[in-house]
Amino acid sequence: MEEQRQRAKPHKIMLDKRAHAMISGVREVISFDEKEVVLETELGTLSIRGEDLKVSRLTVEQGEVDIGGRMDSFIYTESRGKKAQGESFFGRLFK
C-alpha cells in the first residue's frame, strides 16, 4: 500500500464548459462544499471555487475525481510536505 502512495500518478485536469471537471493525480479530498472543493494532488493543494459544486465521482485507488457545478477558479498552493523545512513562519511570510 505504501509503495502505491509513493509512486506518483500523472496529474491532469480536463474542464468542459466550466461545468464539469475530471481531475487525476489526486491523493486526497481534504474538504468540499457547494462553494469550494480542496484536493491534495501530486503537484500541491488545489482549491476549486464556484457555485453548486458537487463531487460526482471519487476513485481513491485511481486518484481520480469528477466535479460538477459552475467552476470559477482553480488555485494551487504548495503542499504541506514541500514547505521549506526548518524555516520559521515569519521567515516564510517575509520572503
Legend entry - Test result for residue 54, at pLDDT below 95 and either loosely packed, with under 12 Cβ neighbours inside 10 Å or farther than 20 Å from residue 11 by Cβ (or both): no
Legend entry - Residue count, segment 33-60 (criterion: more than 11 Å from the chain's Cα centre (by Cα) and either of a type in the set (A, V, I, L, M, F, W, C) or part of a loop (DSSP other than H, G, I, E, B) (or both)): 7
Legend entry - Given (1) touching a strand residue (DSSP E or B) at 6+ places or on another chain (Cβ under 6 Å); (2) modelled with pLDDT of 95 or more, index of the condition residue 40 fails: (2)
Inset, instruction - Hey, could you check segment 5-21 for residues that are under 15 Å from the mean Cα position of the chain (by Cα) and part of a loop (DSSP other than H, G, I, E, B) and say which is modelled with the lowest pLDDT? - result: 8
Legend entry - Pair list, Cβ under 7 Å, 6 or more apart: segment 8-35 residue under 15 Å from residue 63 (Cα atoms) and free of Cβ contacts under 8 Å to residues at least 40 places away in the same chain, other residue of a type in the set (Gly, Ala, Ser) and assigned to a loop (DSSP other than H, G, I, E, B): 10/25; 11/25; 12/25; 25/63; 26/63; 27/63
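The values are calculated or read from the model by the stated rules, or taken from the named source; none is laboratory data. Predicted, not measured: the structure shown is a model, and the values here were computed from it. Note that we place each Cβ from the backbone using ideal geometry, even for glycine, and neighbour counts take in every protein chain shown.
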